[in-house]
Amino acid sequence: MTTHVTSRHTVREVLKNYYDLSKPRIVALLIFTTVTAMFIAADGIPPFVVTVLTIIGGVAASAGASALNQYIDREMDARMTRTARR
């Protein structure tokens with residue numbers, strides 16, 4: 001018979017973990033450069049809906065890629081001092 005250990009986390013802890021997993025500083029930098037490029041390409045203000053949808057898609061893609069990268073690198077990160085707590 002196997003025993004399953006479950007841990008209870010508060011909603012706040014779960015949200016913080018997802019927030020940390022998404023690497024928000026990297027996401028913010030990518031969105032900043034994307035929106036800046038949109039303004040330059042539009043030679044002014046780009047369409048509002050296009051900008052909003054681009055930001056939403058960029059955040060989702062970047063955060064998802066960060067989460068996948070951390071999952072894939074979890075064994076290697078566990079062996080490195082700098083990344084052992086990820």
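The values are calculated or read from the model by the stated rules, or taken from the named source; none is laboratory data. This one's a predicted model, so the numbers in the text were calculated from it and none came from an experiment. Positions of Cβ are backbone-derived with ideal geometry, glycine not excepted, and every protein chain shown enters the neighbour counts. What goes into the accessible areas is simple: the full protein's heavy atoms, side chains included, and nothing from ligands, DNA or RNA. Shrake-Rupley method; radii C 1.70, N 1.55, O 1.52, S 1.80 Å.
General observations
- In order through the range 35-40: 3J(HN,Hα) via Karplus (6.51 cos²θ - 1.76 cosθ + 1.60), integer Hz, x for Gly, Pro: 5, 4, 5, 5, 5, 5
- Convex hull volume per residue for the chain, taking Cα atoms only, in Å³: 151
- Ratio Rg/Rh, restricted to the range 15-55 and using Cα atoms, in which Rh is the Kirkwood radius: 1.13
- Selection from T33, L68, M80, by position along the positive dipole direction of the chain (Cβ): M80
- Given charges at beta-carbon only (K, R positive; D, E negative), |dipole| of the chain in Debye: 420
- Computed in the context of the full set of protein chains, the accessible area of the chain at 1.4 Å probe radius has 66% of its extent on carbon or sulfur.
- In a fully extended conformation the segment linking D43 and R8 would gain 7.5 nm over its present Cα-Cα distance, using 0.36 nm per residue.
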